[in-house]
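Before any comments, here is the structure.
The values are calculated or read from the model by the stated rules, or taken from the named source; none is laboratory data. Quick caveat, the model's predicted, so the values are computed rather than measured. We place every Cβ from the backbone using ideal geometry, glycine too, and count neighbours over all the protein chains shown. SASA here: full protein model, heavy atoms, side chains in, ligands and nucleic acids out. Shrake-Rupley method; radii C 1.70, N 1.55, O 1.52, S 1.80 Å.
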Amino acid sequence: MTLAEAKTRHRQLARETRQHDHAYYVLGQPTISDFEYDRLYRELADLEKQYPELISPDSPTQRVGGEPLKEFKPVRHPQPMLSLDNTYSQQELREFVNRLQRLLPKEKLEWVVEPKVDGIAINLRYEDGLFLCGSTRGDGTTGDDITANLKTIRSIPHRLEEESVSAPARSVIEVRGEVYLTKTGFKRLNTERAANGEEPFANARNAAAGSLKQLDPRIVARRPLDIVVYGVGQIEGTNVRLERHDQLLQWLKTLGFNTPERTWHCHSADELVKAIEELEQVRRGFAYETDGAVVKLNSLEQRQRAGFTAKAPRWAIAYKYAAEQAETKLKGVTVQVGRTGALTPVAELEPVLLAGSTIGRATLHNEDYIRQKDIRVGDTVTIEKAGEVIPAVVDVVLTKRTGAEVPFRFPSQCPECGSKVSRMAGAAPGDEGVVWRCPNSDCPAQIRGRIEHWCSRGAMDIEGGGEVLVRQLVQSGLVRDVADLYRLKLEELAGLERMGEKSARNFLQAIDASKQRETWRILFGLGVLHVGAGVAKALSRCFPTLEDVFNASIPQLTQCEDVGEVIAQSIVQWHGDRQNRTLLERLRKAKLNFTSELYKPKAAAGPLEGKIFVLTGTLPGLKREEVTERIEAAGGKVSGSVSKKTDFVVAGEEPGSKLEKAQKLRVRIIGEKELLEMIEKR
Ligand code: IVH
């Protein structure tokens, strides 16, 4: 294939893939099978590997997330991102309508009601149809540049449908909307985090915010984020003429975006109230959490005349639905110890009805949370259950304090084994200093947690290995670790309280069946910090056996897709513990399946395979991003700082201190020309 032919084919493949992405992620109507899609995608990726110069920022392959950033750059919004006035009362809503009518006397007012998406407000800037910059709202004037993170969201087009832009020359289109984490995605993410020994997110909105704040776009790419758009910022150089909000939404749709799935047109306060009530019902079926309805004037021209206050438009208001809350008494606080040793304070409550179920316990998150809210035993507290979230104590009703309440003192010892707890041991990123942990891996609570996790459906799927039986097994001393399960005898099991011979037989059979489970399940079941099911699968694709995973070095592990430095370190650290190594050996002897079925040997390596590069100074021909892309496409890695592991420093004009460091460490220094020669050498 000549370069020209490759170019044509690339354009074709990129266009087709984009169309299928849009059909799948925005319209929800896939136009081809997954298999066909994968084939297209792979051809595109292969072509880009062969001709890295074809990789454009809007290529569908660029959604998997680029290199981690050091920090987010500030972005000024040419048009401020405003907030909305809000209300919880119908009376205020009526007053709002009357106010607008007084402002625009005798005019016919038409309103549009939309769901208020409970996510994170963002601005997407397109220049000449290309997605250039995505940012958060920040303080309304300046936000954070989170382009790399937003690029991973499939329903954000990298390129706008040309026919719809119909711009004569230079055009700017800023689209505004809300990034959210789907309700199901949120549940899944929290299950995964719990399995990894990480703090669960309190709700979907926090999870979305936490995801967008990640500096490593590769992590963001794995989060089930999506977007709904409902407005625009700066618009310049396009031919579209819009008069109404409903037309604007329609236009955004033709540009390739997800818009609110239902809207209502209303002409009076009564109609608005009705629409808002209707939305309150149907919103439960939406993929995202909603915390209210947004009421907007439909006519854009009337909006202009209504104008703005300092913070919010006069032509719109948010009607918020009350979160499902209840008041009850906090009888006590217990502390639960998880399988990674994390201590979670749990509120023991006077049972109360909330959102259709009786709640007797709710999370208090962590010690800092209790202290910040000054929650005391005996207090009347407000608990809340928003959507898919675990019930949580959200506030204290101070007016009901009697003075007899006692502050809760977080234990300095593990309530299970008495070990001194620490705030640093095994800290997961993000929870350093927040989560207290029991450092004793022989703590009965941790032992039980590890065995329950091993038996769980997502891991080794051993039927019967639930909380009750596991507690008995550990208490009786029959089982201390997961390898002990494979030595259990019928008479031992049948001797346990409330265990008949039949159940004992069934449990043994289930244990036996688990010997056939796939290798990634073992890897996940072992409960190595940060190794969730997804990472376990990725590792099983990269390494032929379980032993190979644990014998690999950190650089070998990070070669594996989805495996970063933190995960690799955690794996190496786990295997550094002699007890863990013995456990592994006993599992192998018990004839568990250590040979990965997912393993796929790597295709022919690129010319820079395994080499680590550091860039410094300005190169004569290529931009920094281009150089990085090319190095990566040829199998190499680009790192931010020079160390002994660096293979080459690529130096341009006015190199920085990295050059000196390279000289000191005797790292080979090359120029752009040499680099390109190395890449072309296949
Ligand atoms: S319009 C100038 N429409 O709610 C007004 N906002 O509480 C721009 N939000 O900052 C906002 N759904 O982040 C609008 N359908 C919707 C919305 C929506 C959610 C968010 C948005 C805004 C906040 C105000």
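Once the Kirkwood radius over Cα pairs is known for the chain, the Stokes-Einstein relation at 10 °C and 1.306 mPa s delivers a diffusion coefficient of 55 µm²/s.
Qualifying GluC sites (Glu not before Pro) in segment 577-648, where qualification requires a DSSP coil assignment and no more than 11 other C-beta atoms within 10 Å, comprise Glu597. Per-residue SASA remark: Ser503, around 60 Å² accessible (1.4 Å probe; ligands, DNA and RNA not included). The charge dipole of the chain, taken about its Cα centre with unit charges on the Cβ of Lys, Arg, Asp and Glu (plus for the first two, minus for the last two), comes to roughly 1020 debye.
3J(HN,Hα) along segment 320-337, derived from phi through the Karplus expression 6.51 cos²θ - 1.76 cosθ + 1.60 where θ = phi - 60°, amounts to 9, 7, 5, 5, 7, 10, 8, 9, 7, 9, 8, 7, x, 10, 10, 10, 9, 10 Hz, with x in place of Gly and Pro. Using the structure shown, list the pairs from Lys515/Lys591; Lys49/Lys681; Lys49/Lys673; Lys7/Lys49; Lys116/Lys296; Lys623/Lys673 with a Cα-Cα distance above 18 Å, or answer none. Table pairs above 18 Å Cα-Cα are Lys49/Lys673.
When the Cα positions of Thr519, Leu615, Ala533 are compared along the charge dipole of segment 492-647, Thr519 comes out farthest toward the positive end, with charges on each C-beta of Lys, Arg, Asp and Glu. Per DSSP H run of n ≥ 4, the term is -39500 (n - 2.57); total these for the chain, divide by its residue number, and report the mean residue ellipticity at 222 nm rounded to 500 deg cm²/dmol. Helix-only estimate at 222 nm: -10000 deg cm²/dmol. Among the trypsin sites (Lys or Arg not before Pro) within segment 221-253, those in coil by DSSP and having at most 11 neighbouring Cβ atoms inside 10 Å are Arg241. Rounded to two decimals, the Cα radius of gyration of segment 205-339 over 2.2 N^0.38 Å is 1.40.
Compute the relative contact order of the chain as a whole-number percentage, counting only Cα pairs closer than 8 Å that sit 6 or more residues apart in sequence. Normalised by residue count, the contact order of the chain is 10 percent. For Gly231, the residues 5 or more places off, or on other chains, whose built amide H falls under 5 Å of its own are Arg176.
Taking all Cα pairs closer than 8 Å and separated by 6 or more residues, the relative contact order of segment 536-678 comes to 21 percent. Report in % the part of the accessible area of segment 197-249 that belongs to carbon and sulfur, leaving out ligands and nucleic acids; probe 1.4 Å. In segment 197-249, the share of accessible area belonging to carbon and sulfur is 44 percent.
Among the trypsin sites (Lys or Arg not before Pro) in segment 1-79, those located in a DSSP loop and surrounded by at most 15 other Cβ atoms within 10 Å of their own Cβ are Lys70.
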